[in-house]
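Let me begin by presenting the structure, written as structure tokens, before commenting on it.
The values are calculated or read from the model by the stated rules, or taken from the named source; none is laboratory data. Computed from a predicted structure; not experimentally measured. A quick note on method: Cβ atoms are made from the backbone with ideal geometry, for glycine too, and the neighbour counts reach across all protein chains shown.
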Amino acid sequence: MPSADVIIRNAKIFTSDESNPGAEAVAVKGNRIIYVGTNAGAESFKDQSTRVINGQGHTLTAGFIDTHVHLLWGSIWMGSAQLQDVRTKEDLNKVLLDFANDNKTNPWVAGRGIKYSIVSTRQELDEIIADRPIYIGAFDGHTGWANTKALEMAGIMHDDGRALANGIIVRGNKGLATGELREGDAMNAVMDLVPLPDANRKRELLKLAIREFNKTGITSVHNMNGDMEELMAYAALEDAGEMNMRIYVPYHVKPEATEEMLAEAAEMAKVQMDYVRGGAVKFFMDGVWESYTAFNVHPYADEPDVKVEPIFSLEHFTRMASLCDKLGLQIAVHCCGDGAVRQTLDGYEAIQKINGKRDSRHRVEHIEVCQPEDMPRFRELGVIASMQTSHAPFSLEEDLVWTKRTGPERWPISFPWRDLKNSGAHLSLGSDWTVAPFDPMINIYVALNRRKYAPTDPDQRLTLEECILGYTRDAAYTEFMENEKGQVREGYLADLVLFSHDLFEVPAEEIRTVQAVMTMMDGRIVFENN
Ligand SMILES: [Zn+2]
């Protein structure tokens, strides 16, 4: 009998393994699980050097896999002013002034994570600080606001008649920029001026972010939109023996990308380290509802005249995606609007005809609205629904913008987790950090408790079992790793998380109080809270 390095006993193990759903003990040797079963059965793997952890009757699962985060970008932003808890102009005032004082050598005051409708003009920011440039980004990364100084430095105060390929500089009186910048090129005009941290600082911020992920039980992430340079930043951490999370990194195919540029994605797919892997591409089909950039089937409820074009035409998407598919890459597409979802599914259907059907597991990200006739197409085409539950407005009262943009007609098919799951779609869960917090308990809380926006809406909530499966087994499937991880199963990688409670005994409305107490990645305990 091989002796285990670690045995966790007296746990309530939710294995995510249908052939062996529950267990009380797990034994780990090296980076693999060597036993899953009873306390008594685990005894025979014990010797003097085995560390035995008492699970105290709490839930143990496979390490959580967040299938949609922006890790490097998010960790860099962790070094700027944190605005996610700002609710009023007074809050914003305080956070920005504190940041400015604490970072006197930094010429810029940059912040992230702010909600919509707290500020909308440069003058409001000028009142806080006028002599240093300010740039603040919305929580969803699709809108930014700058003060006058920043707009002047970027040379976009005055309208020079140039149109942006992707983005809108909102202009008011005499064509002067109001301070609101919508989407890529508009935000980048200012954001590109904000100095990036140097390589050392970047690495420290990345390690800090990974530690925070581990604290919540996350052992793997899918890093959405990357490139070879970003992949190498993660690889360097693994080479240095300092990587405590598994990271899957797609190549971001921008609308201006040429066919030749896809070679970079193919090169990234060759990187298959223990923790850091390429093998996928990411497209954006549209923006977000909040900034009127979601590509929808029907007009916006609150601005029926707004016309949104998708970022890729169907022909353009099909051409580029079919080349990626031919290279054996997995494709993930950002789609918030129902029109974007439909067009992406149309594209996937077309490339199956061009290249033939294979086990491609292409994905649609977000799916904030989905027309009923498109739902069964996920199952038919073998497409994964990659969804982030805490993007959904928790209730009508709590949301100021999203529910107005979509309107009551669309609420029954908004964030349709339940309907998609029932239609046979493969559902994987994540956070889209930094858009939403990565703590899985916050996302599970919304999945379990979200209110209907209108009493006649269908109930789209998920069960706790479905949430855990969406973060473990089904998330592993989403990255072709279902035979290696995502289950507490003999022979599988020892990625495990022990929680502070028996999750199934905690009332749904209190699930946010649950914390990880021990997180193991690759057989190593990467977080422990005594
Ligand atoms: Zn994202």
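Starting from residues that are surrounded by fewer than 24 Cβ atoms within 10 Å (Cβ to Cβ) and aliphatic (A, V, I, L, M), keep the ones in region 139-161 and report whichever is farthest from the ligand (Cβ to nearest atom).
My answer is Met157.
What number of residues within region 435-478 are assigned to a loop (DSSP other than H, G, I, E, B), within 16 Å of the ligand (Cβ to nearest atom) and either among the hydrophobic types (A, V, I, L, M, F, W, C) or touching a strand residue (DSSP E or B) at 6+ places or on another chain (Cβ under 7 Å) (or both)? Lay out the reasoning, then the answer.
Taking region 435-478 as the starting set, the residues that turn out to be assigned to a loop (DSSP other than H, G, I, E, B) are 435-439, 450-463, 472.
Next, from what is left, pick out any that are within 16 Å of the ligand (Cβ to nearest atom): 435-438.
Of the ones still in play, those that are also either among the hydrophobic types (A, V, I, L, M, F, W, C) or touching a strand residue (DSSP E or B) at 6+ places or on another chain (Cβ under 7 Å) (or both) are 435-436, 438.
Looking only at that region, the number is 3.
Just need a number here: residues in region 395-453 that are small (Gly, Ala, Ser), touching a helix residue (DSSP H, G or I) at 6+ places or on another chain (Cβ under 8 Å) and farther than 16 Å from Leu469 by Cα. Quick ask: steps written out before the conclusion?
Quick first cut of region 395-453, residues small (Gly, Ala, Ser) only: 395, 407, 414, 423-425, 428, 430-431, 436, 447.
Now drop any that are not touching a helix residue (DSSP H, G or I) at 6+ places or on another chain (Cβ under 8 Å), which leaves 414, 423-425, 428, 430-431, 436, 447.
Then keep just the ones that are farther than 16 Å from Leu469 by Cα; that gives 414, 423, 436.
So the count comes out to 3.
Please work out which residue is farthest from Glu368 (Cα to Cα), limiting yourself to region 423-434 and to residues that are more than 16 Å from the ligand (Cβ to nearest atom) and either among the charged types (D, E, K, R) or outside any loop (DSSP other than H, G, I, E, B) (or both).
Kept after step one, since they are more than 16 Å from the ligand (Cβ to nearest atom), are these residues of region 423-434: 423-427.
Narrowing further to those that are either among the charged types (D, E, K, R) or outside any loop (DSSP other than H, G, I, E, B) (or both): 426-427.
Numbers: His426: 16, Leu427: 14 Å.
Among residues in region 423-434 that are more than 16 Å from the ligand (Cβ to nearest atom) and either among the charged types (D, E, K, R) or outside any loop (DSSP other than H, G, I, E, B) (or both), the one farthest from Glu368 (Cα to Cα) is His426.
Is it the case that some residue within region 241-251 is of a type outside the set (Asp, Glu), in a loop (DSSP other than H, G, I, E, B) and surrounded by fewer than 19 Cβ atoms within 10 Å (Cβ to Cβ)?
First, pick out the residues of region 241-251 that are of a type outside the set (Asp, Glu): 241, 243-251.
Still in the list and also in a loop (DSSP other than H, G, I, E, B): 241, 243-245, 249-250.
From what is left, the residues that are surrounded by fewer than 19 Cβ atoms within 10 Å (Cβ to Cβ) are 241.
Checking region 241-251: at least one residue is of a type outside the set (Asp, Glu), in a loop (DSSP other than H, G, I, E, B) and surrounded by fewer than 19 Cβ atoms within 10 Å (Cβ to Cβ).
State the number of residues belonging to region 162-193 that are among the small types (Gly, Ala, Ser), buried (at least 17 other Cβ atoms within 10 Å of the Cβ) and farther than 18 Å from Leu125 by Cα.
Kept after step one, since they are among the small types (Gly, Ala, Ser), are these residues of region 162-193: 163, 165, 167, 172, 175, 177, 179, 184, 186, 189.
Adding the requirement that they be buried (at least 17 other Cβ atoms within 10 Å of the Cβ) leaves 167, 177, 179, 184, 186, 189.
Filter once more, so that each one left must be farther than 18 Å from Leu125 by Cα: 167, 184.
Residues that pass the stated criteria total 2.
Check off (1) of a type in the set (Gly, Ala, Ser); (2) part of a helix (DSSP H, G or I); (3) within 16 Å of the ligand (Cβ to nearest atom) for Gly113 and give me the number that stays unchecked.
Status for Gly113: all satisfied but (2).
Is at least one residue of region 76-94 within 16 Å of the ligand (Cβ to nearest atom), over 17 Å from Tyr135 (Cβ atoms) and either small (Gly, Ala, Ser) or touching a strand residue (DSSP E or B) at 6+ places or on another chain (Cβ under 8 Å) (or both)?
No: region 76-94 contains no residue that is within 16 Å of the ligand (Cβ to nearest atom), over 17 Å from Tyr135 (Cβ atoms) and either small (Gly, Ala, Ser) or touching a strand residue (DSSP E or B) at 6+ places or on another chain (Cβ under 8 Å) (or both).
Does region 220-227 contain any residue that is away from the ligand (no atom under 16 Å from the Cβ) and over 15 Å from the mean Cα position of the chain (by Cα)? Working first, answer last.
Let us first name the residues in region 220-227 that are away from the ligand (no atom under 16 Å from the Cβ), namely 220.
Okay, now just the ones that are also over 15 Å from the mean Cα position of the chain (by Cα), so none.
Looking for residues that are away from the ligand (no atom under 16 Å from the Cβ) and over 15 Å from the mean Cα position of the chain (by Cα), one finds none in region 220-227, hence no.
Is it true that some residue in region 206-219 is over 30 Å from Val401 (Cβ atoms), hydroxyl-bearing (Ser, Thr, Tyr), within 16 Å of the ligand (Cβ to nearest atom) and in contact (Cβ under 8 Å) with a residue 12 or more places away in the chain? Break it down stepwise before answering.
Pass one, region 206-219, residues over 30 Å from Val401 (Cβ atoms): 206-208, 210-211, 214-215, 217, 219.
Pick out the ones that are also hydroxyl-bearing (Ser, Thr, Tyr) and you get 219.
When the remaining residues are screened for being within 16 Å of the ligand (Cβ to nearest atom), the result is none.
Within region 206-219 (the criterion being over 30 Å from Val401 (Cβ atoms), hydroxyl-bearing (Ser, Thr, Tyr), within 16 Å of the ligand (Cβ to nearest atom) and in contact (Cβ under 8 Å) with a residue 12 or more places away in the chain), the answer is no, since none of the residues qualifies.
Of the residues Arg112, Arg132, which is among the basic types (Lys, Arg) and either crowded, with 21+ Cβ neighbours inside 10 Å or modelled with pLDDT under 95 (or both)?
Details: Arg132 fails: either crowded, with 21+ Cβ neighbours inside 10 Å or modelled with pLDDT under 95 (or both).
Of Arg112, Arg132, the one residue that is among the basic types (Lys, Arg) and either crowded, with 21+ Cβ neighbours inside 10 Å or modelled with pLDDT under 95 (or both) is Arg112.
With respect to Gln388, determine if the residue is closer than 22 Å to Phe295 by Cα, modelled with pLDDT of 95 or more and within 16 Å of the ligand (Cβ to nearest atom). First the steps, then the outcome.
On the way: closer than 22 Å to Phe295 by Cα: yes; modelled with pLDDT of 95 or more: yes; within 16 Å of the ligand (Cβ to nearest atom): yes.
Considered against the rule, which asks whether it is closer than 22 Å to Phe295 by Cα, modelled with pLDDT of 95 or more and within 16 Å of the ligand (Cβ to nearest atom), Gln388 comes out as yes.
Could you tell me whether any residue of region 330-338 is small (Gly, Ala, Ser), part of a strand (DSSP E or B) and touching a residue at least 60 places away in the same chain (Cβ under 8 Å)? Before you say what the answer is, go through the steps one by one.
First, the residues of region 330-338 that are small (Gly, Ala, Ser): 332, 337.
Subsequent filtering for residues that are part of a strand (DSSP E or B) retains 332.
From the residues that got through so far, the ones that are touching a residue at least 60 places away in the same chain (Cβ under 8 Å) too are 332.
The answer is yes, given that some residue of region 330-338 is small (Gly, Ala, Ser), part of a strand (DSSP E or B) and touching a residue at least 60 places away in the same chain (Cβ under 8 Å).
Among the numbered criteria (1) touching a helix residue (DSSP H, G or I) at 6+ places or on another chain (Cβ under 8 Å); (2) touching a residue at least 40 places away in the same chain (Cβ under 8 Å); (3) over 19 Å from Asp66 (Cβ atoms), which one does Val506 miss?
Here Val506 clears every test but (2).
With respect to Arg361, is the statement that it is of a type outside the set (S, T, N, Q), modelled with pLDDT of 95 or more, part of a loop (DSSP other than H, G, I, E, B) and crowded, with 17+ Cβ neighbours inside 10 Å true? Outline the logic, then answer.
Numbers: of a type outside the set (S, T, N, Q): yes; modelled with pLDDT of 95 or more: yes; part of a loop (DSSP other than H, G, I, E, B): yes; crowded, with 17+ Cβ neighbours inside 10 Å: yes.
The answer is yes for Arg361.
Looking at Leu181, Leu125, Leu206, Leu193, which one is on the phi < 0 side of the Ramachandran plot and either assigned to a strand (DSSP E or B) or among the aromatic types (Phe, Trp, Tyr) (or both)? Explain how you work it out, then say what you get.
Values: Leu125 fails: either assigned to a strand (DSSP E or B) or among the aromatic types (Phe, Trp, Tyr) (or both); Leu206 fails: either assigned to a strand (DSSP E or B) or among the aromatic types (Phe, Trp, Tyr) (or both); Leu193 fails: either assigned to a strand (DSSP E or B) or among the aromatic types (Phe, Trp, Tyr) (or both).
When all the criteria are applied, what remains is Leu181.
For region 226-272, which positions are in contact (Cβ under 8 Å) with a residue 40 or more places away in the chain and among the β-branched types (Val, Ile, Thr)?
Answer for region 226-272, where residues must be in contact (Cβ under 8 Å) with a residue 40 or more places away in the chain and among the β-branched types (Val, Ile, Thr): Ile247, Val253, Val271.
Going through Gly523, Gly491 one at a time, which residue ends up being surrounded by 15 or more Cβ atoms within 10 Å (Cβ to Cβ), modelled with pLDDT of 95 or more and not basic (Lys, Arg)? So that I can check it myself, show each step before the final result.
On the way: Gly491 fails: surrounded by 15 or more Cβ atoms within 10 Å (Cβ to Cβ).
Only one candidate passes the filter, namely Gly523.
For region 254-281: of the residues being assigned to a helix (DSSP H, G or I) and of a type outside the set (Gly, Ala, Ser), which is nearest to the chain's Cα centre (by Cα)?
Here is the first cut: in region 254-281, the residues assigned to a helix (DSSP H, G or I) are 259-269.
With of a type outside the set (Gly, Ala, Ser) added as a condition, the list becomes 259-262, 264, 267-268.
Values: Glu259: 27, Glu260: 28, Met261: 25, Leu262: 23, Glu264: 23, Glu267: 24, Met268: 20 Å.
For region 254-281, the residue satisfying everything is Met268.
Taking Ile136 as meeting all but one of (1) out of contact with any helix residue (DSSP H, G or I) (no Cβ under 8 Å at 6 or more places or on another chain); (2) within 18 Å of Gly79 (Cβ to Cβ); (3) more than 16 Å from the ligand (Cβ to nearest atom), write down the number of the exception.
(1)
Those residues that are outside any loop (DSSP other than H, G, I, E, B) and exposed (fewer than 13 other Cβ atoms within 10 Å of the Cβ), I need them from region 300-315; list them, please.
Answer for region 300-315, where residues must be outside any loop (DSSP other than H, G, I, E, B) and exposed (fewer than 13 other Cβ atoms within 10 Å of the Cβ): just Glu315.
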